[in-house]
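*Asks:* There's a structure below that I have some questions on.
The values are calculated or read from the model by the stated rules, or taken from the named source; none is laboratory data. Worth saying up front: this structure is predicted, and the values here are computed from it rather than measured. Every residue, glycine as well, gets a Cβ built from its backbone with ideal geometry; the counts of neighbours run over all protein chains shown.
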Amino acid sequence: METQPEKGRTPIDSRWKALMVLTAVCLMAFPLWLQRALGKNEITGFVVIDPGHGGIDPGTRGSNGIDEKTIVLAVAKDMIPLLKRDNIRFILTRNRDKYVSLNRRVQIANRRGDCLLLSIHCDYFKQRGMEGFTVLYAQGASHDSRIAAHLIAEGLIHKGFNCHDVRMDTRGLEVLDKSNCPAVLVELGFMSDPHDVRYLTSRSGQHRLAAGLVHGLTTFLRKTQ
Ligand SMILES: [Zn+2]
């Protein structure tokens, strides 16, 4: 038996209504789909990249005569295109061979607020046998600082570097202690170790370090935003 249309309502009305609903759903979903497709909604965090030392303060010196300040600036600059690729907003505390006080470095992060401070250094130990990178966070550091430290370590391991340690700082480092934001200090390797010096001072090693740091930062920002 043929179904009769409801009184005062034709099948065309129902189809028209269904089409309208479908169109509305598509219009609402399109901006979300477009954002996902462009990857624009993935990361909203902000990072303060702090290459240690600079200017009159060379930091430590490797056996091949290259200063810590030069290595960490090169790695920080190598991070720039990768941060842009991942849509991570950032600022550098120095982008050339210039002295910046520890207080000023922390101020840059604290003025900004709501960011992650990543300070980059190299280690030195008189006796041989110490190698690999170390990631430090302050005593009494926030949960986010600890998470960031571990994810940055994972990022560097992912790029093939040896992890010496991930731990709480016991020296009272100013950039960690005075930061109001989550803060992490990475010692990229030991300038006193011949293997570490090779990657610290080669352009390919510096690129790889930058990639490892950004890998960790991206994972951290995705998890915490
Ligand atoms: Zn240093």
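*Asks:* Taking the stated definitions as given, is Ile147 modelled with pLDDT of 95 or more, touching a Gly at 6+ places or on another chain (Cβ under 7 Å) and among the aliphatic types (A, V, I, L, M)?
*Replies:* no
*Asks:* Residues in the stretch 79-95 that are assigned to a helix (DSSP H, G or I) and surrounded by fewer than 19 Cβ atoms within 10 Å (Cβ to Cβ): how many?
*Replies:* Qualifying residue count, the stretch 79-95: 5.
*Asks:* Output yes when any residue across the stretch 87-95 is of a type in the set (A, V, I, L, M), closer than 13 Å to Val214 by Cβ and in the same structural domain as Thr219 (by TED's automatic domain parsing), and no when none is.
*Replies:* yes
*Asks:* Could you tell me which of the residues Ile71, Ile49, Ile43 is away from the ligand (no atom under 16 Å from the Cβ) and surrounded by 14 or more Cβ atoms within 10 Å (Cβ to Cβ)?
*Replies:* Matching residue, one of Ile71, Ile49, Ile43: Ile43.
*Asks:* Is there a residue in the stretch 188-196 that is assigned by TED's automatic domain parsing to the domain that holds Arg104, small (Gly, Ala, Ser) and at pLDDT below 95? Let's see the steps before the verdict.
*Replies:* The first filter runs over the stretch 188-196 and keeps only residues assigned by TED's automatic domain parsing to the domain that holds Arg104, leaving 188-196.
Going one step further and asking which of them are small (Gly, Ala, Ser), we end up with 189, 192.
In the following step, the residues that additionally are at pLDDT below 95 were identified as 192.
Scanning the stretch 188-196, I find at least one residue that is assigned by TED's automatic domain parsing to the domain that holds Arg104, small (Gly, Ala, Ser) and at pLDDT below 95, so the answer is yes.
*Asks:* Of everything in the stretch 159-185, what is touching a residue at least 60 places away in the same chain (Cβ under 8 Å) and either in a loop (DSSP other than H, G, I, E, B) or closer than 18 Å to Val214 by Cβ (or both)? Give them in sequence order.
*Replies:* Of the residues in the stretch 159-185, the ones touching a residue at least 60 places away in the same chain (Cβ under 8 Å) are 174-175, 178-185.
Lys178, Ser179, Asn180, Cys181, Pro182, Ala183, Val184, Leu185, listed by residue number.
*Asks:* So, in the stretch 186-204, how many residues would count as being under 20 Å from the mean Cα position of the chain (by Cα), in a helix (DSSP H, G or I) and buried (at least 22 other Cβ atoms within 10 Å of the Cβ)?
*Replies:* Here the count works out to 1.
*Asks:* Now for a separate question. In the stretch 48-67, which residues are assigned to a strand (DSSP E or B) and of a type in the set (Val, Ile, Thr)?
*Replies:* Passing the criteria: Val48, Ile49.
Residue by residue, here is whether (1) surrounded by 17 or more Cβ atoms within 10 Å (Cβ to Cβ); (2) in contact with a helix residue (DSSP H, G or I) (Cβ under 7 Å, 6 or more places away or on another chain); (3) not in a strand (DSSP E or B) holds:
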residue: Lys98; (1), (2), (3): no, no, yes
residue: Val106; (1), (2), (3): yes, yes, yes
residue: Ala109; (1), (2), (3): yes, no, yes
residue: Asp114; (1), (2), (3): no, no, yes
residue: Leu117; (1), (2), (3): yes, yes, no
residue: Gln127; (1), (2), (3): no, no, yes
residue: Met130; (1), (2), (3): yes, no, yes
residue: Thr134; (1), (2), (3): yes, no, no
